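Just so it is clear, none of the values below were taken in a lab; they were calculated from the coordinates. Every value quoted in this text rests on a predicted model; they were computed, and no experiment measured them. Heads up, the Cβs are rebuilt from the backbone with ideal geometry, glycines too, and the neighbour counts pull from every protein chain shown.
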Amino acid sequence: MAAPRPSRCPHRIEVQVARPFRGAVRAPWLRRIACHVLLAEGAGPTELGVVIADDATIHELNHRFLGIDEPTDVLSFGLGGQGGRPFALPPDEVASLGEVIISYPTAVRQAEEQGHSVPAEVAHLLVHGILHLLGYDHGTPEEERVMLQKAEEILAGLDLEGASGS
């Protein structure tokens, strides 16, 4: 695959790909990208969930949890604990960063609209979602500039040319 392979990823990354998309995107490829982002950002050992879903699923989640009655491309749900502080953990347990959910059909449409590959779009959405979990945001022009620059730096470290994700 196109994402670099860390010798040993210190992060626990659980990936679920909805059945209709299993031939189009592979869990190991998503894990490598997620690990690359976490390593690039210096995250301590953590647990992360990545879900590839359909538009209906992401629409329902967006409506139920964010009050927005429409689908979107990516959602991030953090599990940082109360007040942004992590929950107390027993020894040898890793903190759960949260979950990133990507709509594969939306990623396909956006890739076509923007003239790049579907794997490049999925990688972009995954990086974007993880950056949100790590505290980045785009609520102001300055925050957006910083987040976009960080995403570009991370994506530049991934060789996505010709990547298929499968």
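I need 140, 106 ordered by Cβ neighbour count within 10 Å, fewest first.
The fewest-first ordering by Cβ neighbours comes to 140, 106.
Using a 10 Å cut-off around each Cβ, can you sort 76, 103 from fewest to most neighbouring Cβ atoms?
76, 103
Charge dipole of the range 15-83 (Cα centre as origin; +1 on each Lys and Arg Cβ, -1 on each Asp and Glu Cβ, all else neutral): 440 debye, rounded to the nearest 20.
The ranking of 102, 68, 13 from fewest to most other beta carbons within 10 Å of each one's beta carbon is 68, 13, 102.
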